[in-house]
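The values are calculated or read from the model by the stated rules, or taken from the named source; none is laboratory data. Computed from a predicted model, the values in this text were never measured in an experiment. Every residue, glycine among them, receives a Cβ derived from its backbone with ideal geometry; neighbour counts consider all protein chains shown. All accessible areas refer to the heavy atoms of the entire protein, side chains included, with ligands and DNA or RNA removed. Shrake-Rupley method; radii C 1.70, N 1.55, O 1.52, S 1.80 Å.
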Amino acid sequence: MIAPTERHALFNRWQRGFPLVARPFEALGHGCGLGGDEVLQALREGLAQGEISRVGAVFGVGAGGAGLLCAMQVPAGRMDEVAACVNGEPAVNHNYAREHAWNLWFVVTARDRASVQACVSRIEAATGLVAMRLPMRRAYRIDLGFDLFQRAGAMPGMRPAEPVEPELRPLAARLEAGVPLVERPWALLGAPLGMPEDRVLQALQAWCARGTVRRMGVVLRHHEFGIAANAMTVFSLPAEQVDAAGERLARQPGVTLCYRREPAPGWPYALYCMVHGRERQAVRRVIAEAVTGAGLGACEHQVLFSTRRFKQTGSRYFADSMQ
């Protein structure tokens, strides 16, 4: 049996760059001095213990589907009830309480904007609360595949994502859900779709090359590794300055997510970034350094720490195409 530290090192190394070969877990083992069976056992243990959510594809913005960030002002005493209602929608993939009057934040992903909006409307009807809807306008950095041990290092840049071909949406749905943990996963993945192993590999290789798949590998659940002091910082600045500021902010060390969203009535913030860490003080230092480094020190901004994680699963843009 692999020791936990060795297992975690394996997970950390293979958050991206997953081998696109017929026997990928054997190839993973070669890079770590392990056998393919040992790698599979480690991954199964990680899934069973909630350390990883899946081994699979993370699709780029624009590859298909639609998403929406929403926030609600939940009255004291109703948080658990409302959060459970939000969690009950399969299209909700993230749901967090945050320290703010807008205290519940969730993300909806689905095949198209109409499906996303319908999901939010159902939540509003069920809870009697209004959701602030904050559509994304541009992504500057989206990559939660950061170093588990939080060693300094350059983050890969954003690439435009080409859309998934309509006829390959069922394959995308299966890759999004997770790669089977068997010796030859591509053969098993493609069998229900009538796709031979080599055709599955060709499609995945092409998607990775074109940016359709942003990251292929182990998808971690960061709270299980103690990375729970997570903060969203929002900035208000003139519309014509947002893109340049976002590009600067995305390059700052420690920034894992950075994007532009449409402001809402009473919510003037268009630029967002996320910093993940183990201790609040350390996260605040990273945020302060990022704000200074991006030249945003004079910009009005707020820091919203998360306090509870109600739901964290992968985005499912293609779930309706599952076969």
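Descriptive notes on the structure:
- In the range 190-323, Cα pairs under 8 Å separated by at least six residues give a relative contact order of 28 percent.
- Candidates S53, S306, S121, ranked by Gaussian network fluctuation over the chain, Cα under 10 Å, top entry: S121
- Measuring between their Cα centroids, the range 284-323 and the range 201-242 lie 10 Å from each other.
- Counting 0.36 nm for each residue step from E124 to A76 and taking away their Cα separation leaves a gain of 15.6 nm.
- Relative contact order for the range 8-74, counting Cα pairs under 8 Å that sit 6 or more residues apart, in percent: 16
- Among the GluC sites (Glu not before Pro) in the range 218-323, those placed in a DSSP loop whose Cβ has at most 14 other Cβ atoms within 10 Å are E279.
- Accessible surface of the chain, 1.4 Å probe, proportion on carbon and sulfur as whole %: 53
- The string of couplings for the range 7-12 from the Karplus curve (6.51, -1.76, 1.60, θ = phi - 60°) is 5, 5, 5, 4, 4, 4 Hz, one whole number per residue in order, with x for Gly and Pro.
- Distance in nm between pseudo-label sites at R16 and R137 (7 Å out along the Cβ direction from Cα): 2.7
- Our Cα-only numbers for the range 204-323 put the radius of gyration and Dmax at 16.5, 52 Å.
- Length added when fully stretched, E162-D198, from 0.36 nm per residue minus Cα-Cα: 10.8 nm
- Highest-fluctuation residue, G254, G35, G266 considered, GNM on the chain with Cα pairs under 10 Å: G266
- Solvent exposure of the chain amounts to 44 Å² per residue of accessible area, where only protein heavy atoms count and the probe is 1.4 Å.
- The chain: relative contact order as a whole-number percent, Cα under 8 Å and 6+ apart: 27
- Qualifying GluC sites (Glu not before Pro) in the range 159-217, DSSP loop, other Cβ atoms within 10 Å at most 15: E183
- Helix-only mean residue ellipticity at 222 nm for the chain, each DSSP H run of n ≥ 4 adding -39500 (n - 2.57), per residue, nearest 500: -10000 deg cm²/dmol
- In range of the label at Q302: residues from the range 80-112 whose backbone nitrogen is under 13 Å from the point 7 Å along Cα→Cβ: 98-105
- With both labels modelled 7 Å from their Cα along Cα-to-Cβ, the E240 to H223 distance reads 4.4 nm.
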